[in-house]
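> Below is a structure I'd like to ask you about.
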Amino acid sequence: MISYLKWIGAGLVASALIVGGWKVNGWRLEAQAAEVLRLELRNELQRRVAEQVRVKQADDARLAAEAQLTAKEAEIAKGVKVVKETVVKYVKQNADCDLPEPVASQLQHLREGGEQ
């Protein structure tokens, strides 16, 4: 009877070692997977930071271009104002020089990109 108990005890110890080894191997695999996930997370964070830097640089470039465009528009508007004032001041109206309505409307239509 004692020999049976020895064999049963040996079997229990062996099965406990197998189950324990299986569990430890599972922990090892989970640790490896966690390391891979940690590296992927770090790479994703670096990619997002780089993307935010690119977006900020593009936004800064857009704002600079917008400021230049606004300055040029103001300069052009000032020039147009001077020309309009000069034309009104020196060019007298002459009814003989006016275009008839059909011709003027066709010219306006062509200026807007219309076809003939």
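What follows is calculated from the coordinates using simple rules that are stated; it is not laboratory data. The model shown is predicted, which means the values in this text are computed figures rather than measured ones. In this analysis, Cβ positions are derived from the backbone assuming ideal geometry, glycine residues included, and neighbour counts consider all displayed protein chains.
> Provide the FRET efficiency to the nearest 0.05 for the residue 81-residue 61 pair, computing r from the beta carbons and using R0 = 25 Å.
0.25
> Here's a follow-up. Mind grabbing the base-10 log of I(q)/I(0) for the range 2-89 at q = 0.13, 0.14, 0.18 Å⁻¹? Debye formula, identical points on the C-alpha positions, no solvent, two decimal places.
-0.77, -0.80, -0.92
> Just give me a number: lysine pairs in the range 2-89, eight or more positions apart or cross-chain, with C-alpha atoms less than 22 Å apart. Working shown, then result.
Working: 72/81; 72/84; 78/89; 81/89.
For the range 2-89, the number of qualifying lysine pairs is 4.
> Hey, got the dipole for the range 2-89? About the Cα centre, +1 on K and R Cβ, -1 on D and E Cβ, debye to the nearest 20?
40
> Given only helices, namely DSSP H runs of n ≥ 4 each adding -39500 (n - 2.57), what is the per-residue ellipticity at 222 nm of the chain, to the nearest 500 deg cm²/dmol? Present the calculation step by step, with values, prior to reporting the outcome.
Values: 2 runs with 100 residues, N = 116.
Helices in the chain give a 222 nm mean residue ellipticity of -32500 deg cm²/dmol.
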